[in-house]
Amino acid sequence: MTTTATAPVLGTPAPAKRRRSRGPRRWYRLISPLTLLVLWETAARTGLLPEAKVPAPSLVAETGLRLAVDGSLWEHLLDSLTRAAIGLVIGGTLAVALAATAALLRIGDNTIDPPVQMARMLPHLGLVPLLIIWVGIGEELKISLVALGAFFPLYFNTYAGIRDIDQRLVEAARTCGLNQWQRLRHVVLPGALPSLFLGLRLAIGAGWLSLVVGEQVNAQTGIGFLMMEAREFAQTDVVVFGLLVYAGLGLLSDTLIRIAERRTLAWRRGLQAT
Amino acid sequence: MATRPTGDLIVEVTGLRRAFGDTTVLDGADLTVRRGEVVALLGGSGSGKSTLLRALAGLDADATGHITVPAHYGVVFQEHRLLPWKRVADNVALGLTGADPRGRALAALTEVGLGDRGGAWPAELSGGQAQRVAVARALVREPELLLLDEPFGALDALTRLRMQRLLVRLRERHGFAALLVTHDVDEALLLADRALVLEGGRIAEEIPIGLPKPRHQDDPGFGGLRRHLLDRLGVPVV
């Protein structure tokens, strides 16, 4: 084969080359954020940025450390996480169940999909006044908001994922003697899984957003409450720190989903390799 | 409706009809396949070859007429139709019941020359390999009948020749009957005991292929049959 003769001339094999070039490129990408951070710190220290409006990053970090040490951060974090989790489970379960019914059964499609399509046009965060009237200003409001936020992306992606399954694969499964339930398990579910994961990631993003809004309505605990309370006492550092916690939570949940996705969808790696 | 065969005829189709809207594709087609016989189904594009095969495979609920097919049959499509999320061996073992499905799947893979690729993902296979897996998936069900819908049509010429030989070998060993839908006259003449020409929604002509096996394109009699079939399909040899 001629390719084996020319390969050594080209140098290192592709995987090693890729690994080597990825290191520096990642490092380069840190330069501009770090520069911004340094500029921010300098501007705050020199008084260019008033401390009451934008506290220095070091001050925010200090505040974060203080809140972590005295335990109040964990208390609020746990409450926020609980609301997010309950809302996500309720909204997510409902979304997947309804989307599966709509995508698999004609009667489901005719009854479920039209109202969902209409409801999608409502900005769910605009429902806050109505939700306050319906469920009050307690935990139910926060959980309903998260559930609503998570519902739509998961519904639409699950629906599309099931509908987009190659019918030829379903046919092939039929000729292998698979009954309806087996086809659901071996063809439909794994085929819809990539879309389901995408929907889950979007749902979690929407869920956090809803939580931020929900926790600013008469909450007694939670990261949002922490921020609202700090605003009243003009503790800008706490407000900024709360924002960073929200961002960190979003990043963390997204990373976890991506890891789960990579593990579950290992077959797609083979697809990308070819 | 489908019933189970008795006696020597393994496939019996009478009065098969199928229309798509106003277009009648099958208009009372009749055909039979004997136990262990390979029948090629030829016809121009859109003549209803695949429609007929799909009706036999039980994939077309709207086809009417009487269809008798054996309980154990396998289908190989033009595309491999392997589930991309299942490893090769699991694809072959899909829906298998009885003892040791995985062992039987690996044995079938070995028969098509892919005994070592059971752990691969379908996406990692070449077109010819994937199609061989599809053949193994049909074969592992110990079919009395194989329904082949242009199974080698999407492969390159060399791979196609290898696959045709593989099919001949597998048939000698397992003795299944086969209905081979193809537009390739040479393929029909190499593999089949009988060729049927589908035209106007019915079997318009039946041509026994009495050439001795193993066959080759150079065999005497091959050219004559080839010319006749091509002529019949509307592509006269000039």
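The values are calculated or read from the model by the stated rules, or taken from the named source; none is laboratory data. Only a predicted model underlies this, so the values are computations on that prediction, with no experimental measurement involved. Don't worry about glycine lacking a Cβ; one is built from the backbone with ideal geometry, like all the others, and counts go over all protein chains shown.
Observations, loosely collected:
- Positions within segment B:142-176 being of a type outside the set (A, V, I, L, M, F, W, C) and buried (at least 23 other Cβ atoms within 10 Å of the Cβ), in sequence order: B:Pro151
- Of the candidates A:Arg201, A:Arg174, the single residue that is closer than 18 Å to B:Lys86 by Cα, in a helix (DSSP H, G or I) and of a type outside the set (Val, Ile, Thr) is A:Arg174.
- Candidate set from segment B:88-109 (those that are charged (D, E, K, R) and touching a helix residue (DSSP H, G or I) at 6+ places or on another chain (Cβ under 8 Å)); member that is nearest to the other protein chains (Cβ to nearest Cβ): B:Asp90
- Condition check for A:Ile257 on (1) of a type in the set (Val, Ile, Thr); (2) within 11 Å of the chain's Cα centre (by Cα); (3) within 14 Å of another protein chain (Cβ to nearest Cβ): one failure, at (3).
- Residues that are within 24 Å of the chain's Cα centre (by Cα) and closer than 23 Å to A:Gly250 by Cα are absent from segment A:103-119 altogether.
- Of all residues in segment B:129-138, those that are more than 12 Å from the chain's Cα centre (by Cα) and within 27 Å of B:Glu12 (Cβ to Cβ) total 1.
- When A:Ser58 is tested against (1) touching a Lys or Arg at 6+ places or on another chain (Cβ under 9 Å); (2) within 19 Å of A:Leu211 (Cβ to Cβ); (3) among the hydroxyl-bearing types (Ser, Thr, Tyr), exactly one condition is not met: (2).
Per-residue answers, yes or no, for (1) surrounded by fewer than 16 Cβ atoms within 10 Å (Cβ to Cβ); (2) under 20 Å from A:Phe156 (Cα atoms); (3) in contact with a Cys (Cβ under 7 Å, 6 or more places away or on another chain):
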{"site": "A:Arg83", "(1), (2), (3)": "no, no, no"}
{"site": "A:Leu88", "(1), (2), (3)": "no, yes, no"}
{"site": "A:Ala99", "(1), (2), (3)": "no, yes, no"}
{"site": "A:Ala102", "(1), (2), (3)": "no, yes, no"}
{"site": "A:Met118", "(1), (2), (3)": "yes, yes, no"}
{"site": "A:His124", "(1), (2), (3)": "no, yes, no"}
{"site": "A:Gly138", "(1), (2), (3)": "yes, no, no"}
{"site": "A:Ile143", "(1), (2), (3)": "no, no, no"}
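- B:Val112, sole failed condition from (1) within 13 Å of another protein chain (Cβ to nearest Cβ); (2) more than 15 Å from A:Leu169 (Cβ to Cβ); (3) buried (at least 19 other Cβ atoms within 10 Å of the Cβ); (4) hydrophobic (A, V, I, L, M, F, W, C): (1)
- Enumeration of residues in segment A:157-201 that are crowded, with 20+ Cβ neighbours inside 10 Å and away from chain B (no Cβ under 14 Å): A:Asn157, A:Thr158, A:Tyr159, A:Ile162, A:Gly199, A:Leu200
- Residue match in segment A:202-222 (condition: within 14 Å of chain B (Cβ to nearest Cβ), charged (D, E, K, R) and within 26 Å of the chain's Cα centre (by Cα)): no
- Any hit, segment B:194-209, residues being within 14 Å of the chain's Cα centre (by Cα) and buried (at least 20 other Cβ atoms within 10 Å of the Cβ): yes
- Exactly one residue out of A:Ala99, A:Ala95, A:Ala103, A:Ala85 is in the same structural domain as A:Val240 (by TED's automatic domain parsing) and closer than 18 Å to A:Thr221 by Cα: that is A:Ala85.
- Scanning segment B:96-119 turns up no residue that is within 22 Å of A:Leu184 (Cα to Cα) and in contact with a Phe, Trp or Tyr (Cβ under 7 Å, 6 or more places away or on another chain).
- Whenever a residue of segment A:121-143 is farther than 22 Å from A:His76 by Cα, its partners that are among the acidic types (Asp, Glu), lying with C-beta atoms within less than 9 angstrom and at least six residues away or across chains, give the pairs A:Leu131/A:Glu140; A:Trp134/A:Glu140.
- Residue tally, condition assigned to a loop (DSSP other than H, G, I, E, B) and either in contact (Cβ under 8 Å) with a residue 12 or more places away in the chain or of a type in the set (Val, Ile, Thr) (or both), over segment B:82-125: 18
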